[in-house]
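Undergrad: Let me begin by handing over the structure; questions about it come next.
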Amino acid sequence: MDRHAPSTRCAVITPQLSKRAARAGSDRRSPEARLEEAVGLAAAIDLDVVFKGLVLLSEVKPATYLGSGKVEEIAGIVQAEEVGLVFVDAALSPVQQRNLEKAWSAKVVDRTALILEIFGSRARTKEGTLQVELAHLNYQRSRLVRSWTHLERQRGGFGFLGGPGETQIEADRRQIGERILRIERDLEQVKRTRALHRTSRKRVPYPVAALVGYTNAGKSTLFNRLTRAEVMAQDLLFATLDPTLRAVDLPHGTRVILSDTVGFISELPTQLVAAFRATLEEVIEADVILHVRDISHPDTEAQAADVRDVLTELGVDPEAGGRVVEVWNKIDLLPEDERDRMVNTAARADATDRPTLVSALTGEGADGLLDRIESLITAGRVMLTVTLPAEDGEGLGWLYRIGEVMEREIGEDGLMRASLRILPERVDLVKRRFGAAQVRTEV
């Protein structure tokens, strides 16, 4: 979108089904919070929101999703406010979208289309661009139906379904299908490359800590705080799309790879869940998962539940103490009494499940979080002291590759003693390489 052009005037409509008609789990957050999130989605793509409203529904209408009275009412608002685009925060069928566009004389997009547009504007790497295009194409393919406006003029002819219009649909579908296959092949190559990178990191070996969380929870700001990097961090939904990796040295010398990932969101379009699975492989493979929560948000519990749902879909147990850590971010925004309550709640929690409180913006709690990451990653590792000739650079390099060398010194006898932390299953490798007599296990 051209940032110098005037922003499109937009109306945001959030349909709210009655509790009787609503899907299970869809009432985690209040209607007002859903509307504000929808406005945030529109703002993330630079739309000028001139009207926002909740529409209560007893049932979904097959033709227009909304009832006829509401459709007419919104048509008046669209005309009065000179709205060029209406964002309906729901999953619209092609027929519903087309009928609403006719009724309102404005472009209509649903939740899937808007999120796809946001992701398209955020993608920077080849992988991110391919994934967005794949999701777009799958969405377009689902919309190739006879009700498309541009095919209406071609419906006469022969056969049971009618002539040239169907031929055009099939041609469009074939072209989209061919492009999807090409992108999937390209993504498979990207996936193999990422797998090779992960394999090489395991040989180093650097453990991985992945940041996950609801979109706009402050992951990128925290990532920047911990790594002193300059990843895009804005008060926008989906400010980060492509995964970013940086090496971080923890307080006692352990080096880890920190991974910043795309933000999760409720009711993420199915096309994106499939297309972005490769991006989230960093999460699946991570040694530690940091679930970053905006603890100041009124819907923080609902957002956390949505993140846990996605982790479960990825095969990660969100309750796995020792691997998944909740990071309660933005404590600087809490009133003092609420902040004290959060501190007490965290202090009473079991040690393995205890959340870590931070402010990514001010840096408060960041050192404690790094200590927590280090304690989790090094839990179960063994400390060894290996004695080797001072000139054995090859042997020392080997130790660096298979463990974490904490310190080394050369004694008066001319021998080097290297202290390292290592996985228990690698102790025998060290003993075979240098001889058991040269390896001492620290208690």
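Undergrad: So what is Rg over Rh here for the range 9-111, counting just Cα atoms and using Kirkwood for Rh? Could you put the intermediate results ahead of the total?
TA: Working: Rg = 12.9 Å, Rh = 13.7 Å.
Radius of gyration relative to Kirkwood radius: 0.94.
Undergrad: Shifting gears a bit: Tell me the net charge near residue 355. Cut-off is 9 Å between Cβ atoms, residue 355 excluded, with +1 for each Lys or Arg and -1 for each Asp or Glu.
TA: Values: positive: 293, 354; negative: 326, 353.
Charge balance near residue 355 sits at 0.
Undergrad: Also, I was wondering about something else. Taking Cα centroids, how far is the range 349-377 from the range 67-84 in Å?
TA: So the two Cα centres are separated by 49 Å.
Undergrad: For an R0 of 60 angstrom, estimate the FRET efficiency from the Cβ-Cβ distance between residue 32 and residue 390 and round to the nearest 0.05. Provide the component values of the computation, followed by the final result.
TA: Values: r = 69 Å, r/R0 = 1.15.
My answer for the efficiency is 0.30.
Undergrad: Oh, and also: Applying a 10 Å radius around every beta-carbon, put 34-45, 415-426, 97-108, 206-217 in order of their mean neighbour count, most first.
TA: Sorting 34-45, 415-426, 97-108, 206-217 by mean packing, highest first, produces 206-217, 34-45, 97-108, 415-426.
Undergrad: Moving on to the next point. Applying a 10 Å radius around every beta-carbon, put 399-408, 255-264 in order of their mean neighbour count, most first.
TA: Working: 399-408: 17.2, 255-264: 22.2.
Taking the mean over residues of other Cβ atoms within 10 Å, the ranking is 255-264, 399-408.
Undergrad: Straight-line reach from residue 431: which lysines have Cα under 30 Å away, leaving out those fewer than 8 places along the same chain?
TA: Cross-link targets: 202.
Undergrad: Find out how many positive minus negative residues lie around residue 382, taking Lys and Arg as positive, Asp and Glu as negative, among other residues whose Cβ is under 10 Å from that of residue 382.
TA: Working: positive: 381, 421, 426; negative: 425, 442.
Combined, the nearby Lys, Arg, Asp and Glu give +1.
Undergrad: May I ask which of 107/219; 70/219; 191/219 have a Cα-Cα span longer than 28 Å here?
TA: Details: 107/219 33 Å; 70/219 39 Å; 191/219 24 Å.
Going by Cα-Cα distance, 107/219; 70/219 fall outside the 28 Å limit.
Undergrad: Can you give the extra length, in nm with one decimal, that the chain gains between residue 349 and residue 107 once fully stretched, where that is 0.36 nm per residue apart less the Cα-Cα distance? Could you put the intermediate results ahead of the total?
TA: Numbers: separation 242, 0.36 × 242 = 87.12 nm, distance 5.01 nm.
Contour length minus the Cα-Cα distance gives 82.1 nm.
Undergrad: Now for a separate question. Please work out the Cα center distance from the range 122-139 to the range 318-342, rounded to the nearest Å.
TA: First find each Cα centre; the distance between them is then 33 Å.
Undergrad: Points 7 angstrom from Cα along the Cβ direction at residue 314 and residue 341: gap in nanometres?
TA: Each label point lies 7 Å from its Cα, and together they span 3.1 nm.
Undergrad: In addition: At 0.36 nm per residue, minus the direct Cα-Cα distance, what do residue 125 and residue 284 gain on full extension? Give it in nm, one decimal, please. Walk me through the intermediate numbers first.
TA: Values: separation 159, 0.36 × 159 = 57.24 nm, distance 2.05 nm.
So the chain would gain 55.2 nm between residue 125 and residue 284.
A short reminder: the numbers here are calculations on the coordinates, not readings from a lab. Just so it is clear, the structure is predicted and the values come from calculations on it, not from any experiment. In this analysis, Cβ positions are derived from the backbone assuming ideal geometry, glycine residues included, and neighbour counts consider all displayed protein chains.
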